[in-house]
Amino acid sequence: MNKRRISSGRITSLAPNEIFVFGSNLQGAHGGGAARMAYECFGAVWGQGVGLYGHTYAIPTMQGGVETIKPFVDDFLMFAATHSELDFLVTEIGCGIAGFPHDEIAPLFFQAIDNDMRNIYLPESFYRVYDKLNLARQ
């Protein structure tokens, strides 16, 4: 089994090569939850709701269903694959203010586990969904 890279449930500081990955809205109004922390602490830019800014990477989660989030997660995974010098600490995007259950969001990130992407750290809750779904397949 691949080594589990688990992001902390409470990220309060970052090393120089670490990126705080959070759920945002397309307008980049980072007013609450992890988005607010990204804005206040780690360099997210007000008005920028997608991509890398400072020590943050914004993934929009407030614009519709999971199918509207998936392309942004796919873009993030491609970005992370080409930036191995950075470690991406993924928060429970979409599972707070956006209101999605872990079972709907976590699978969007399974490629990072299956492909052993060593620079992506996922919440423990996403690994629990991964394990549950893999057990159901057996």
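Residues in the stretch 35-59 that are aromatic (Phe, Trp, Tyr), touching a helix residue (DSSP H, G or I) at 6+ places or on another chain (Cβ under 7 Å) and either surrounded by fewer than 18 Cβ atoms within 10 Å (Cβ to Cβ) or assigned to a helix (DSSP H, G or I) (or both): TRP46 alone. Cβ-Cβ below 9 Å, separation at least six or inter-chain, first residue in the stretch 80-102 and outside any loop (DSSP other than H, G, I, E, B), second surrounded by fewer than 16 Cβ atoms within 10 Å (Cβ to Cβ): which pairs? Going by the 9 Å Cβ cut-off, the qualifying pairs are ALA81/ASN115; ASP87/ALA15; ASP87/ASN17; ASP87/ARG118; PHE88/PHE79; LEU89/SER8; HIS102/ARG128. For the stretch 82-111, residues that are closer than 18 Å to ALA35 by Cα, out of contact with any helix residue (DSSP H, G or I) (no Cβ under 6 Å at 6 or more places or on another chain) and hydrophobic (A, V, I, L, M, F, W, C) total 6. Checking the stated criteria, ILE69 turns out to be surrounded by 13 or more Cβ atoms within 10 Å (Cβ to Cβ), without any contact (Cβ under 8 Å) to a residue 40 or more places away in the chain and within 18 Å of PHE20 (Cα to Cα). The conditions of being assigned to a helix (DSSP H, G or I) and surrounded by 18 or more Cβ atoms within 10 Å (Cβ to Cβ) are met by ALA112. Scanning the stretch 1-34 for residues that are outside any loop (DSSP other than H, G, I, E, B) and touching a residue at least 40 places away in the same chain (Cβ under 8 Å) returns ILE6, SER7, GLU18, ILE19, PHE20, VAL21, PHE22, GLY23, GLY33, ALA34.
From the list MET117, MET62, the one residue that fits, being surrounded by 14 or more Cβ atoms within 10 Å (Cβ to Cβ), more than 12 Å from the chain's Cα centre (by Cα), outside any helix (DSSP H, G or I) and in contact (Cβ under 8 Å) with a residue 40 or more places away in the chain, is MET117. Considering PRO101, PRO123, PRO107, the condition of being within 22 Å of ASP75 (Cα to Cα), of a type outside the set (D, E, K, R) and exposed (fewer than 13 other Cβ atoms within 10 Å of the Cβ) is satisfied by PRO101 alone.
Just so you know, all these numbers are worked out from the coordinates, no wet-lab data involved. Here the structure is a predicted model, which is why all the values come from computation and not from measurement. Please note: Cβ atoms are built from the backbone with ideal geometry, for glycine as well, and neighbour counts cover all protein chains shown.
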